[in-house]
1. Between Ala90, Ala66, Ala13, where does the largest GNM mean-square fluctuation fall for the chain, given springs only between Cα atoms within less than 10 Å?
2. Rounded to the nearest 0.05, what FRET efficiency do Trp84 and Glu12 have when you use their Cβ-Cβ distance and R0 = 30 Å?
3. Work through the residues other than Val15 whose Cβ is under 12 Å from its Cβ and net out their charges, Lys, Arg +1 and Asp, Glu -1.
4. Got a number for the accessible area of Asp31? Probe 1.4 Å, square angstrom, nearest 10.
5. If Ile92, Ile17 are ordered by their accessible area, calculated over protein heavy atoms with a 1.4 Å probe, which sequence runs from highest to lowest?
6. Size of the dipole of the chain about the Cα centre, Lys and Arg at +1 and Asp and Glu at -1 on the beta carbon, nothing else charged, in debye to 20?
7. On each of the three principal axes of the Cα atoms of the chain, give max minus min coordinate, whole Å, ordered largest first.
8. Among Ala27, Gln76, Ala90, whose Cα projects farthest towards the positive end of the dipole of the chain, with charges put on the beta-carbon of Lys, Arg (+1) and Asp, Glu (-1)?
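The values are calculated or read from the model by the stated rules, or taken from the named source; none is laboratory data. Since the model is a prediction, treat every value here as computed from it, not as a measurement. Here the Cβ is made from the backbone with ideal geometry for all residues, glycine too, and neighbour counts use every protein chain on show. Please note that ligands, DNA and RNA were not included when accessible areas were found on the heavy atoms of the full protein model with its side chains. Shrake-Rupley method; radii C 1.70, N 1.55, O 1.52, S 1.80 Å.
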Amino acid sequence: MMTNSEIASLYEAMVGITDQMLAAATASDWDRLVQLEHQCAACVRQLKDSGDTPLAGQERVRKVNAIRKMLDADRQIRDLTQPWMVKLQAMISNKTVERRVARAYGI
């Protein structure tokens, strides 16, 4: 079982990871972004495993500040990745149509 201070520290560590994720997305380093997402997911699992302990006082303030920072970074990451995801979806869609036409006409 984690202490309240350890829980707050883990939230703050997640801020560092999401900051790195933002840097990776800004640099279009999608492989690094995926690696960092896995690290962040591991932190979330740790938090889930520690139970749902409500924090109070300074630890609660640290947690709330960390969550706000993570949400801001997440918004910025989505702003950077959405155009790329749309482009990727279009490429996949075009390839699917291309394969269907090729099969239909025996090309």
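1. Highest fluctuation among the options: Ala90.
2. 0.55
3. In short, 0.
4. Counting only protein heavy atoms, Asp31 exposes about 120 Å² to solvent.
5. Details: Ile92 85, Ile17 15 Å².
My answer, sorted largest first, is Ile92, Ile17.
6. Details: 15 positive and 13 negative charges, 112 e Å.
With Lys and Arg at +1 and Asp and Glu at -1, about 540 debye.
7. Taking max minus min along each principal axis of the Cα atoms, the chain gives 69, 26, 18 Å.
8. Toward the positive end, the furthest listed residue is Ala90.
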